[in-house]
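Here the structure comes first, spelled out in structure tokens, and everything after it is commentary.
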Amino acid sequence: MRKSLASAGLLALLSSGGAFAQECTDPVQITWSTIAGFYTDAMASFVKSFEDANCAKVTVVNIDNSQLYNKQVIEMVGQTGAYDVVTLETAEKAEFAENGFIRPMTAFFADKQDLLNDVSPTLRAMTVEYKGDVWGLPYYTYSAGMFVRQDLLDDPTEKEAFKAKYGYDLAAPTTWEQHRDIAEFFTRKQGDMLKGQPLDKDFYGVGLMAGPFPEIQDEMSAMIWGMGSDWLNAEGKVPVDDVEKAMDMYLRLMPFAPPAALTVTYDGVMNQMKDCQIAMTAGFFLDQWPNAVKTEENCPGATMAAIEAPLKKAYVGGFLLAVSSSSANPEMAEKFVAHIGGPEIQQQFAEMGGASTLTSVLTNPMFATPEKRATNGQYATLNQVFESMAGFSSNLFKTPFGAKIYNTMQIPLQSAASGQISAREAAEQLAADVEKICGGPCPIAN
Amino acid sequence: MSFSQGWDAGFKSLLIYVGVVFFWLIFLERHFADPGTSVLLMNAVGIALGLGFFLYRRRICRAERAAAAVEVAALLAEDR
Amino acid sequence: MQRKPSAVVEILRYGAIFLVLGFFVFPIFWMVLTSFKPEEAIMVSPPRFFFTPTTENYVHALHDKNFLFYIKNTLIISVISTAIVVAFGSLAAYSFARYNVGDGHILFFILSTKMMPAIAVILPYFLIFRDVGKTAVGKSLHLGLDQHGALIVSYVMFNLPFAIWLLVSFFQDIPRSLEHSARLDGLSRIQVLRRVTFPLAAPGIAVTAVFTLIFCWNEFLFAYILTRKAASTVTVGVESFFTLQGILWGPVAAAATISVAPMLIFVLVMQRYMVRGLTFGAVRG
Amino acid sequence: MPTSPASSGFAAPPAAGRAGLSDRWFSVLLITPAMLITLIFAILPLVQALDVTFRMGDLSRGRIGDYVGLENYRVVFADAAFWQAGWVTVKFTVVAVGLQMILGIGIAFLLHGATFAKGLTRSLLILPLATSAAVTGLFWRYLYDTQFGVMNWMLGNLGLPEPNWLGDYTIALWSVVLFDIWQWTPFVALIALAGLQALPKEPFEAAELDGASRWRVLTTLTFPLLKPVLFLVLVLRTIDCVRLYDAVAVLTRGGPGTATETMTFYLYRTGLKLFRMDYASTMAIFFLYVMLVAAVFALTPLLKQFTDRAKEA
């Protein structure tokens, strides 16, 4: 009703010489479907400036992370055009692009190369590019490193004991064997000594995300990529032996993780960290830094550090903003993507503690200051991760079946983690599931 | 056979037919070289059993009705 | 059963009752307790029973997340669905109970619709409502996706079988003689229904209404698929607290408490009715 | 829509002449609204689903594809995970419904004898019923948590072993059962209680005069009289348990691995995660078939009870 009135008013204006044509009487409606939570709330606060600048009305739809994928696919398949801008997980880009759910934005970015190049090439390869086209901009990265309780690694008594037991110095792990040793070393029972203090509850060496969520594979990606292998080989098949090896590595960590490891994902691990129950994580999402650093308030003497995962290989990804093919206002939607992914907003986003995707922001000295440590302390590490991972990209993100594989693979992995099946069986089951999903070897784009 | 009874019998015959199909696909088909003959046989058996059940039920219903008719006749006879 | 039980037996009985109630009430108590906890008192071991209560969770849920919006949607959808279910259901059930329409076969068919797994029909529903929503009728009745009508129709569909099933037995408990005499007094069938039968079946209808309302209020899958934002219900709204920082337990607890409260109060009010009506008239003393 | 001759048992008295409408058409008129909705929204999706089972249907690769005959059925029936899910469903249903019935009836007797604070106990008992599994299930996950949960904290204080409720694949399913018991036992209990209170007094007094033992009274009077209502509850609970989805989705998401993956959850994963609507629909149709066959046996007595009472004039 109001809309029709407004458009009528607009007509009147135009007919009267369009003197006030500048005024925004009939804003263009676009809808952005994305993940619930702070990162969205923060973004939502930037939507206003966009609306004023472009005479648009942006509706932000918050969806639970675990439901986002299928909710978006349903709307895409139904071609409802309900979501103009969609938020895609790293593994989902290829599927959405391949099936024509989203529009290529190569043409749109033709005259915006600077913006595109501001996204680290590593991140770009993983999240933005597919079959030579550009599909949008990542607005937020959850690339992985590792969180450790630095105070434990630095504690003299512990250092001494560790040296005595393992014959080398206690320090941030650079191999998964060291990681395992440290996890084992710090796993203690209630009443045992830690840093010379008796523990008032059980303490564990490592927090793992082996729950029924698609994050266990992100942890294991660090391991399997560290081995120089990948979830899918060039023929689009699962390298069973390598997966078995990675699975074994993971299983060797399980004894030193809290029992809850089998039921939680990253938020559970963060809760354990903040409750002084674990000494470190495995490969873990660095965007959780503002969360992890709270440990220092809760646990006396704790200091947190964000470091690179052993072997400097870890999951790299980010949420891609892309434009739905069934969008009624693609131009406006594309502008919106560039706006949210652009330097101005990313800068403000970073100031609120968000994990920005732009190199110019991540390397901005203003975030390297001590005052900013609590919110942006992981940026330096994030840059290192992108550096170490330069030129790397996984076949998992190059197959249009990536999303489905990604949503299924935690099942065999978790079965093994819970001890129901062996590492070998898990690897074989994964191979079988993947073959079933792809209907043979998975097509790999390059 | 009243419509109601017919409906009942028909529904159950259908269930029987579908049941045969499922049973066949789960347990028997693997023993066949080519699916064509398997499916053919499957349908034959299914229809046979389904139809057989239906006819069987119809016979029973008819018998019942006949019996009832006889009773009624008897009663009427008594009244006279 | 009428024997006087000994004191020991009584003590044991009330002890047992206390334990049973403890088991059934504690989780809800814990949820409510959590809703008043400050963030730092929730995910801690050992669990905290004593803390300085805060209302920040409720502020977050009601103000920041505007949770009342979901309550409003849920209220509209559940109440209208329930009204329709009870109205249509009673008429049909009465017909089954008195006239034996379809000699049990239609009744069986209606019950069997409850047996199709919802997940299998959810996408067909999605597509149906997408198209219906574009038609003139659909527009006027708000039957499109993310509109109340779509959910109402689905809920009516999924609750009718249960409702009819319950109601049939209630109507059968009402002696026909009353209706006969009413008819002989020259009342039309409709009048008989309105003035004699339905009033007598009131407790049964109440029970049916209660259960239908509860089921509608608590439904998740359809609400989640068929709505986006404008018509989302509480069960979907709670999901918006599962964030990238993890589940915001305090606000979730607050939201959950708010969303459950109306049902709890409602059920407590209807409790007496329910227990009376719950026999489904199946026990005929 | 036909009505058996019996339905004219409620023959319209002469007065009906003014009403004009015959019993038969009146009865049909009454069920029309309900039937319309049911027919449209049950048959239409069912037909669509049925159609998809004979076609290629990978939604995420666009629309529904060509006809493939019985291929989908072959694939589904050859799928071990499908049978595994079926087995989990059966285990869950049998145990959950069984325990709910036993506990529910037990609690009913417990409350029936009680005289003190009746209303209060009942009110409190109803609470779990009023909550949504999607919401309270979340808090059960919290209660079950091995690091932060209250359950293991209590067990620990009592010096009992602290199970990994949802993480241990040998007990995860039973933890879900426990949740379902928590939510639905009150339903059984209340109905059984209502049944007990509706029982006629005379036969019991008579039995008491004969000095019949408690056990004899139970077995020869109470349960036979309660049977119909208990049976109805049994059927209702079974249908719901077999279609269980919310509890699994919120508590374990089928995990660890597939230890708690019920039929409906596997359906969800196939249909809404992998978007193989062809397989999902096929499973659903098979599921529906099994339920129908079961219903034919389970519901016949109930329907007979209904129709007989409807026929008696």
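Among the residues that make up the range A:184-207, is at least one of them acidic (D, E) and within 23 Å of the chain's Cα centre (by Cα)?
Narrowing the range A:184-207 to residues acidic (D, E): A:184, A:192, A:200, A:202.
Next cut, within 23 Å of the chain's Cα centre (by Cα) only: none.
Checked the range A:184-207: no residue is acidic (D, E) and within 23 Å of the chain's Cα centre (by Cα).
For the range D:169-193, what are the residues that are touching a residue at least 24 places away in the same chain (Cβ under 8 Å), surrounded by fewer than 22 Cβ atoms within 10 Å (Cβ to Cβ) and among the aliphatic types (A, V, I, L, M)?
Matches in the range D:169-193: D:L173 only.
Within the range C:143-159, how many residues are assigned to a helix (DSSP H, G or I) and either within 13 Å of chain D (Cβ to nearest Cβ) or in contact with a strand residue (DSSP E or B) (Cβ under 7 Å, 6 or more places away or on another chain) (or both)?
Taking the range C:143-159 as the starting set, the residues that turn out to be assigned to a helix (DSSP H, G or I) are C:148-159.
Restricting the remaining residues to those that are either within 13 Å of chain D (Cβ to nearest Cβ) or in contact with a strand residue (DSSP E or B) (Cβ under 7 Å, 6 or more places away or on another chain) (or both) gives C:149-159.
Total satisfying the criteria: 11.
Can you name the condition, by its number, that A:Q197 falls short on among (1) in contact with a helix residue (DSSP H, G or I) (Cβ under 9 Å, 6 or more places away or on another chain); (2) surrounded by fewer than 19 Cβ atoms within 10 Å (Cβ to Cβ)?
Checking A:Q197 against (1) in contact with a helix residue (DSSP H, G or I) (Cβ under 9 Å, 6 or more places away or on another chain); (2) surrounded by fewer than 19 Cβ atoms within 10 Å (Cβ to Cβ), the one that fails is (1).
Considering only residues of the range C:171-185 that are assigned to a loop (DSSP other than H, G, I, E, B) and modelled with pLDDT under 85, which is farthest from D:S22 (Cα to Cα)? First the steps, then the outcome.
Taking the range C:171-185 as the starting set, the residues that turn out to be assigned to a loop (DSSP other than H, G, I, E, B) are C:173-175, C:185.
Filter once more, keeping what is modelled with pLDDT under 85: C:173-175.
Working: C:D173: 24, C:I174: 22, C:P175: 21 Å.
Across the range C:171-185, the extreme among qualifying residues is C:D173.
Would you check which residues across the range D:162-216 are touching a Ser or Thr at 6+ places or on another chain (Cβ under 9 Å), farther than 30 Å from A:A260 by Cα and among the hydrophobic types (A, V, I, L, M, F, W, C) and list them?
D:I191, D:A194, D:L196, D:A198, D:L199, D:F204, D:A207, D:A212
Residue by residue, here is whether (1) within 30 Å of C:E39 (Cβ to Cβ); (2) touching a residue at least 12 places away in the same chain (Cβ under 8 Å); (3) under 27 Å from the mean Cα position of the chain (by Cα); (4) surrounded by 16 or more Cβ atoms within 10 Å (Cβ to Cβ) holds:
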site: C:F49; (1), (2), (3), (4): yes, yes, no, no
site: C:H63; (1), (2), (3), (4): yes, no, yes, no
site: C:I71; (1), (2), (3), (4): yes, yes, yes, yes
site: C:I77; (1), (2), (3), (4): no, yes, yes, yes
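Name every residue in the range C:85-98 that is buried (at least 23 other Cβ atoms within 10 Å of the Cβ) and touching a residue at least 24 places away in the same chain (Cβ under 8 Å), in order of residue number. Even if it seems obvious, please write down each step before you answer.
Within the range C:85-98, the subset buried (at least 23 other Cβ atoms within 10 Å of the Cβ) is C:85, C:88-90, C:92-98.
Passing the criteria: C:V85, C:F88, C:G89, C:S90, C:A92, C:A93, C:Y94, C:F96, C:A97, C:R98.
Here are some residues: A:A82, A:A94, A:A107. Which one is assigned to a helix (DSSP H, G or I), crowded, with 22+ Cβ neighbours inside 10 Å and modelled with pLDDT of 90 or more? Working first, answer last.
Details: A:A82 fails: assigned to a helix (DSSP H, G or I); A:A107 fails: crowded, with 22+ Cβ neighbours inside 10 Å.
After ruling out the rest, the residue left standing is A:A94.
Considering only the range A:349-367, state which residues are closer than 16 Å to A:L115 by Cα, surrounded by fewer than 20 Cβ atoms within 10 Å (Cβ to Cβ) and touching a residue at least 24 places away in the same chain (Cβ under 8 Å).
Passing the criteria: A:T359, A:S360.
Could you look through the range D:48-98, keep only residues that are of a type in the set (D, E) and in a loop (DSSP other than H, G, I, E, B), and pick out the one that is nearest to A:E75 (Cα to Cα)? Reasoning before the result, please.
Kept after step one, since they are of a type in the set (D, E), are these residues of the range D:48-98: D:51, D:58, D:66, D:71, D:79.
Applying the additional criterion that residues be in a loop (DSSP other than H, G, I, E, B) yields D:66, D:79.
On the way: D:D66: 23, D:D79: 29 Å.
Within the range D:48-98, the match that is nearest to A:E75 (Cα to Cα) is D:D66.
Specify which of the listed residues (C:V20, C:V85, C:V8, C:V44) is under 26 Å from the mean Cα position of the chain (by Cα), farther than 30 Å from C:K229 by Cα and among the β-branched types (V, I, T).
Working: C:V85 fails: farther than 30 Å from C:K229 by Cα; C:V8 fails: under 26 Å from the mean Cα position of the chain (by Cα); C:V44 fails: under 26 Å from the mean Cα position of the chain (by Cα).
Only one candidate qualifies: C:V20.
Name every residue in the range C:31-43 that is facing another protein chain (nearest Cβ under 9 Å) and crowded, with 19+ Cβ neighbours inside 10 Å, in order of residue number.
Within the range C:31-43, the first condition is being facing another protein chain (nearest Cβ under 9 Å), and the residues that meet it are C:31, C:34, C:40, C:42-43.
Within the range C:31-43, C:M31, C:T34, C:I42, C:M43 meet the criteria.
Looking at (1) surrounded by 16 or more Cβ atoms within 10 Å (Cβ to Cβ); (2) of a type outside the set (V, I, T); (3) part of a helix (DSSP H, G or I), find the lone condition where A:E371 falls short.
It is condition (1) that A:E371 fails.
If the requirement is being in contact (Cβ under 8 Å) with a residue 24 or more places away in the chain and either more than 30 Å from D:L236 (Cβ to Cβ) or surrounded by fewer than 20 Cβ atoms within 10 Å (Cβ to Cβ) (or both), which of these qualifies: C:F215, C:F211, C:F162, C:F171? Explain how you work it out, then say what you get.
Numbers: C:F211 fails: either more than 30 Å from D:L236 (Cβ to Cβ) or surrounded by fewer than 20 Cβ atoms within 10 Å (Cβ to Cβ) (or both); C:F162 fails: either more than 30 Å from D:L236 (Cβ to Cβ) or surrounded by fewer than 20 Cβ atoms within 10 Å (Cβ to Cβ) (or both); C:F171 fails: either more than 30 Å from D:L236 (Cβ to Cβ) or surrounded by fewer than 20 Cβ atoms within 10 Å (Cβ to Cβ) (or both).
On inspection, the qualifying residue turns out to be C:F215.
Just for the range B:19-32: of the residues that are at pLDDT 90 or above and touching a helix residue (DSSP H, G or I) at 6+ places or on another chain (Cβ under 6 Å), which one is farthest from B:G52 (Cα to Cα)?
The qualifying residue farthest from B:G52 (Cα to Cα) is B:I26.
Can you tell me which of (1) free of Cβ contacts under 8 Å to residues at least 40 places away in the same chain; (2) more than 7 Å from chain D (Cβ to nearest Cβ); (3) crowded, with 24+ Cβ neighbours inside 10 Å is the one C:V101 doesn't meet?
(2)
Tally time: how many residues in the range A:55-90 are hydroxyl-bearing (S, T, Y) and farther than 25 Å from A:L123 by Cα? Talk me through it step by step, then tell me what you get.
Restricting attention to the range A:55-90, the residues satisfying the condition of being hydroxyl-bearing (S, T, Y) are A:59, A:66, A:69, A:80, A:83, A:87, A:90.
Checking which are farther than 25 Å from A:L123 by Cα leaves us with A:59, A:80.
Residues meeting the conditions: 2.
If you go through the range A:181-240 one residue at a time, how many are without any contact (Cβ under 8 Å) to a residue 40 or more places away in the chain and of a type in the set (D, E, K, R)?
Of the residues in the range A:181-240, 5 are without any contact (Cβ under 8 Å) to a residue 40 or more places away in the chain and of a type in the set (D, E, K, R).
Please pick out the residue among A:P239, A:P198 that is in contact with a Ser or Thr (Cβ under 7 Å, 6 or more places away or on another chain) and not basic (K, R).
Of the residues listed, the single one that is in contact with a Ser or Thr (Cβ under 7 Å, 6 or more places away or on another chain) and not basic (K, R) is A:P239.
Which of the residues spanning the range C:132-159 are surrounded by fewer than 22 Cβ atoms within 10 Å (Cβ to Cβ) and of a type in the set (V, I, T)?
Listed by number, the residues that qualify are C:V132, C:T135, C:V137.
Restricting the first residue to the range D:58-81 and requiring it to be within 13 Å of chain B (Cβ to nearest Cβ) and more than 15 Å from B:I26 (Cα to Cα), which pairs with a second residue that is modelled with pLDDT under 90 and part of a loop (DSSP other than H, G, I, E, B) meet a Cβ separation below 6 Å and a spacing of at least six or different chains?
D:V68/D:M56
Among residues belonging to the range A:207-223 that are within 14 Å of chain D (Cβ to nearest Cβ) and either more than 15 Å from A:A417 (Cα to Cα) or among the hydrophobic types (A, V, I, L, M, F, W, C) (or both), point out the one that is surrounded by the fewest Cβ atoms within 10 Å (Cβ to Cβ).
By that ranking, first place goes to A:F213.
Could you tell me which residue of the range A:135-162 is modelled with the highest pLDDT, considering only residues that are surrounded by 22 or more Cβ atoms within 10 Å (Cβ to Cβ) and of a type in the set (V, I, T)?
So, considering only residues that are surrounded by 22 or more Cβ atoms within 10 Å (Cβ to Cβ) and of a type in the set (V, I, T), the one modelled with the highest pLDDT is A:V148.
Going through the range D:245-295 one residue at a time, which ones are under 22 Å from B:V20 (Cβ atoms), within 7 Å of another protein chain (Cβ to nearest Cβ) and either aliphatic (A, V, I, L, M) or within 20 Å of the chain's Cα centre (by Cα) (or both)?
D:A284, D:F286, D:F287, D:L288, D:Y289, D:M291, D:L292, D:V293, D:A295
Mind checking which residues of the range A:406-428 are in a helix (DSSP H, G or I) and crowded, with 24+ Cβ neighbours inside 10 Å? Before the answer, list the steps.
Pass one, the range A:406-428, residues in a helix (DSSP H, G or I): A:406-408, A:410-417, A:423-428.
Within the range A:406-428, A:Q410, A:I411, A:P412, A:L413, A:Q414, A:A416, A:A417, A:A426, A:A427 qualify.
The values are calculated or read from the model by the stated rules, or taken from the named source; none is laboratory data. No experiment lies behind these values; they were computed from the predicted model shown. Reconstructed Cβ throughout: ideal geometry from the backbone, glycine too, with neighbour counts over all protein chains shown.
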